[in-house]
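Below: one structure, written as structure tokens.
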Amino acid sequence: MPLLEKLQWRYATKKMDPSRPVAADKVERIIEAARLAPTSSGLQPYEILLVTNADVKKRIAEVAWNQQQVVDGSHLLVFAAWDDYTAERINQMFDYTNEVRGFRNEGWEAYRQQLLATYPQRGADVNFSHTARQAFLGLGAALIAAAFEEVDSVPMEGFDPAAVDDILGLHARGLKSVAMLPLGYRADAGDWLVDLPKVRRPRAQFVTEVA
């Protein structure tokens, strides 16, 4: 199957070729895959920052253990989750859903009230933990889309989130960075991982069937 073949092809690229930029249409399809990813209650509680500015990428690399893929990839996707669920944010998404669909549904409106009565009261720490998990759904979709486009990538949590937040001005927007995804093309040489077999546990150790 073509998709599985491309997932077999992909790997966490350790060295990217800075002379090979990813075409804009490919980047947009990767972002669109993340935008279409499912999220809890359809709230889509995260955003993506598309970073191409070389100086900004260099500053981010400095707080990301100097991982060169941040600099050498032509595009850097930063997944930033809502720092909290608020009534304003919940209402905005429910109102937007009604606008797009062109009608109001009684059950949907009852569900809105249920979320308004529970989510904001849970506290920012609990809510950020939840929004961050939703962002990782988008990250997974972007990874698969990148493989489908034959664009190399590497998911990253190895960075100082507070520092990245400062660099990108996320605090003022009520966002916190949770993951990054450099996009580019593997270098012809210098990547120790490129020719090694992909290692995954066999199905028998990975899947438990409950019939």
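Couple of notes before you dig in:
- Residues that are surrounded by fewer than 17 Cβ atoms within 10 Å (Cβ to Cβ) and outside any loop (DSSP other than H, G, I, E, B) within region 13-28 comprise A24, D25, E28, listed in sequence order.
- The residue list V63, V56, V70 contains one member that is of a type outside the set (G, A, S), under 16 Å from S177 (Cα atoms) and in contact with a Lys or Arg (Cβ under 9 Å, 6 or more places away or on another chain), which is V70.
- Unique residue being part of a strand (DSSP E or B) and buried (at least 16 other Cβ atoms within 10 Å of the Cβ) when the list is A64, A80, A34: A80
- Residue within region 85-104 that is under 20 Å from D165 (Cα atoms), open to solvent by 70 Å² or more (accessible area, probe 1.4 Å) and within 23 Å of the chain's Cα centre (by Cα) present: no
- Residue ID - nearest to Q113 (Cα to Cα), chosen from residues in region 37-52 that are part of a loop (DSSP other than H, G, I, E, B) and open to solvent by less than 50 Å² (accessible area, probe 1.4 Å): L43
- All positions within region 157-211 that are open to solvent by less than 100 Å² (accessible area, probe 1.4 Å) and of a type in the set (S, T, N, Q): S177
- Looking only at residues in region 114-145 that are of a type in the set (S, T, N, Q) and free of Cβ contacts under 8 Å to residues at least 12 places away in the same chain, the one that is most open to solvent (accessible area, probe 1.4 Å) is Q121.
- Count - residues of region 146-156 that are open to solvent by 30 Å² or more (accessible area, probe 1.4 Å) and under 15 Å from the mean Cα position of the chain (by Cα): 1
- Qualifying position, being in contact (Cβ under 8 Å) with a residue 40 or more places away in the chain and touching a helix residue (DSSP H, G or I) at 6+ places or on another chain (Cβ under 9 Å), among F94, F148: F148
- Listed by position, the helices (runs of 4 or more DSSP H) contained in region 85-174 that have at least 1 residues being in contact with an Asp or Glu (Cβ under 6 Å, 6 or more places away or on another chain) and modelled with pLDDT of 95 or more are 124-148.
- Filter pass, K57 being open to solvent by less than 30 Å² (accessible area, probe 1.4 Å) and of a type in the set (K, R): yes
The values are calculated or read from the model by the stated rules, or taken from the named source; none is laboratory data. What you are looking at is a predicted structure, and each value in this text was computed from that prediction instead of being measured. For neighbour counting, all protein chains shown are included, and Cβ atoms are generated from backbone atoms with ideal geometry for every residue, glycine included. The protein model used for the area step is the full one, side chains on, heavy atoms only, and it has no ligands, DNA or RNA in it. Shrake-Rupley method; radii C 1.70, N 1.55, O 1.52, S 1.80 Å.
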